[in-house]
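A short worksheet on the structure shown next.
Taken together, the values in this text are just the output of simple stated rules run on the coordinates, not laboratory data. No experiment lies behind these values; they were computed from the predicted model shown. Every residue, glycine among them, receives a Cβ derived from its backbone with ideal geometry; neighbour counts consider all protein chains shown.
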Amino acid sequence: MLKRRSVDTGEKGKLEFLLRGIIYCRACGQKLTGEIHPRGSYYRCLPNLHKGKCNQPYIPVKLLDDQLEALYERLQPPKKLLELLKVEMQEIARRRKRIAEKEVKTLKRTIEDFESKEMKLLDEMLGGKVAREIYEKMEKKYAEKRREAEARLS
Ligand SMILES: [Zn+2]
């Protein structure tokens, strides 16, 4: 039961601490929790039932949050790189759009082709040029291909 409960992570309760339940103490291996004290908010290690209380001091919330923020700032890609990525992504979007438009055109043509094949086949059957059983077999095949194209188009 304890093991299952200890998996629990993330924010709990009304108080907001950026790193509560997310980071671990290097000394004791326990997760850090946040607490509000009259003299300020602190992170501290959760008690370990086997090893007892950690010897590390409490850490002011602002100090640790600021360190994370500084790290985050350093991880931001340079503006120049972001601009290059934007240009590249726009080009990819344009390329995909062109490919999609081409496919739509092809599918529409395919649908029209099979529709006219079906009509021609019907005419031939009605005119006595094609036997009914052959008509039915071919018509089924054409209709199936047309529906495939219609499904892809939609
Ligand atoms: Zn600790």
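Some values worked out for this structure:
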{"item": "Length-normalised contact order of the chain in % [C-alpha pairs under 8 Å, at least 6 apart]", "result": "12 percent"}
{"item": "Radius 13 Å from Cβ of Ala131, net charge of other residues (Lys, Arg +1; Asp, Glu -1)", "result": "-1"}
{"item": "Span-like helix ranges in the chain, DSSP H, alpha carbon extent 18 angstrom or more, Kyte mean at least -1.0", "result": "61-75, 79-126"}
{"item": "Virtual paramagnetic centre 7 Å along Cα→Cβ of Ala151, amide N under 14 Å, in segment 97-121", "result": "none"}
{"item": "Cβ-Cβ FRET estimate between Asp66 and Ile92, R0 fixed at 30 Å, reported to 0.05", "result": "0.20"}
{"item": "Backbone N under 20 Å from the Leu81 label point (7 Å along Cα→Cβ), restricted to segment 43-74", "result": "68-74"}
